[in-house]
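**Q** Take this structure, written in structure tokens, and hold onto it; I'll ask about it next.
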Amino acid sequence: MEMIQEATQVARHEAARQGGSAAAAASAAGGEFLTFRLGAEEYGIDILKVQEIRSYEQPTRIANAPAFVKGVVNLRGVIVPIVDLRVKLGCDSAEYNDFTVVIVLNVKGRVVGAVVDSVSDVLELAAGTIKPAPEMNSAVDTSFITGIGSIQDRMLILMDIEALMSSADMGLI
């Protein structure tokens with residue numbers, strides 16, 4: 001976990017030094033992605049959106065919140081909404097265990113926590129290893145999928161976490 005947090009800091013520093021839109025560069029020309037699991041699937045998000053990774057702690061429930069909003073936690077004086085990505089994306093529900101973590105994200109200037117089954121590692125993907133997301137019928141929302149990355153025998157669903165977290169049904173941003 002410390003290695004992932006260290007890689008996050010190095011990537012942030014490098015992006016700040018180079019300037020420009022990190023999200024656009026990562027999806028168009030590859031980049032570094034934090035990989036995590038939701039059920040049997042593996043996902044990747046732009047490492048520059050990640051603030052930190054924390055062990056899961058039971059949040060304080062908010063009345064009338066959607067099922068995927070588990071509640072809020074106090075993170076060093078900042079009240080952070082916690083979203084369970086398994087529920088948000090319609091995955092099979094899983095139990096919270098020792099591997100369950102919260103990825104603390106900085107999305108459009110707001111801090112949001114995303115509950116995932118486990119964090120794998122940080123991968124650098126070259127542009128040639130990223131394929132466009134498949135087109136599906138209108139019943140399937142793929143607007144937050146930026147592509148499918150493949151490295152060796154692994155396939156990663158690459159997500160635009162900012163688009164997912166700022167969608168209208170989230171009501172967070």
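The values are calculated or read from the model by the stated rules, or taken from the named source; none is laboratory data. Source: prediction; values computed, not measured. Neighbour counts are summed over all protein chains in view; Cβ atoms, including those assigned to glycine, are modelled from backbone coordinates with ideal geometry.
**Q** Confirm whether Gly30 is closer than 24 Å to Gln152 by Cα, at pLDDT 50 or above and surrounded by fewer than 17 Cβ atoms within 10 Å (Cβ to Cβ).
**A** Judged against the criteria, Gly30 is not a match.
**Q** Does Tyr43 satisfy the condition of being at negative phi, in a loop (DSSP other than H, G, I, E, B), surrounded by 13 or more Cβ atoms within 10 Å (Cβ to Cβ) and hydroxyl-bearing (Ser, Thr, Tyr)?
**A** no
**Q** Which is modelled with pLDDT under 90, β-branched (Val, Ile, Thr), surrounded by fewer than 19 Cβ atoms within 10 Å (Cβ to Cβ) and over 21 Å from Met155 (Cα atoms), of Val87, Val111?
**A** Val87
**Q** Name, by its number, the condition in (1) surrounded by fewer than 20 Cβ atoms within 10 Å (Cβ to Cβ); (2) among the β-branched types (Val, Ile, Thr); (3) under 14 Å from the mean Cα position of the chain (by Cα); (4) under 16 Å from Ala163 (Cβ atoms) that does not hold for Thr142.
**A** In the conditions (1) surrounded by fewer than 20 Cβ atoms within 10 Å (Cβ to Cβ); (2) among the β-branched types (Val, Ile, Thr); (3) under 14 Å from the mean Cα position of the chain (by Cα); (4) under 16 Å from Ala163 (Cβ atoms), Thr142 misses (3) alone.
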